Amino acid sequence: MTAYIVAVVNITKPEQYQEYAKLAPAAVAKHGGRFLARGGINTVLEGGLGANRVVVTEFPSAEQAKAFYHSPEYQAARLKRLNAADFTMMLVDGL
């Protein structure tokens, strides 16, 4: 079953965050993922969740999404992101 990783991001240190943004796509691709939305304009239609960046990544399965997240490649990218953004990431099962 398809699964999605959704990240809601407020970048606080853009230069440092760029190091993460350079590394993460290779880790996504290695685990069969593809970006459906990556940055761009987002508009809150209801509620209080605001972010300057939203990323939606599709994976063939939740297992592959978890493998991506726990992979050495992504964890190396993640270290570059720490303290560069307020970051919430969730895994959502598709229909």
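Values quoted throughout were computed directly from the atomic coordinates according to the rules given, and no laboratory measurement underlies them. What you see is a predicted model; the values in this text were computed from it and never measured. No Cβ is skipped: glycine too gets one built from the backbone with ideal geometry, and neighbour counts run over all protein chains shown.
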Which loop-located GluC sites (Glu not before Pro) does region 35-75 contain, where loop means any DSSP state but H, G, I, E or B and the Cβ has at most 16 other Cβ atoms within 10 Å? 46
Grab the Cα-Cα distance for residue 93 and residue 61, subtract it from 0.36 nm times how many residues apart they are, and report the gain in nm with one decimal. 10.7 nm
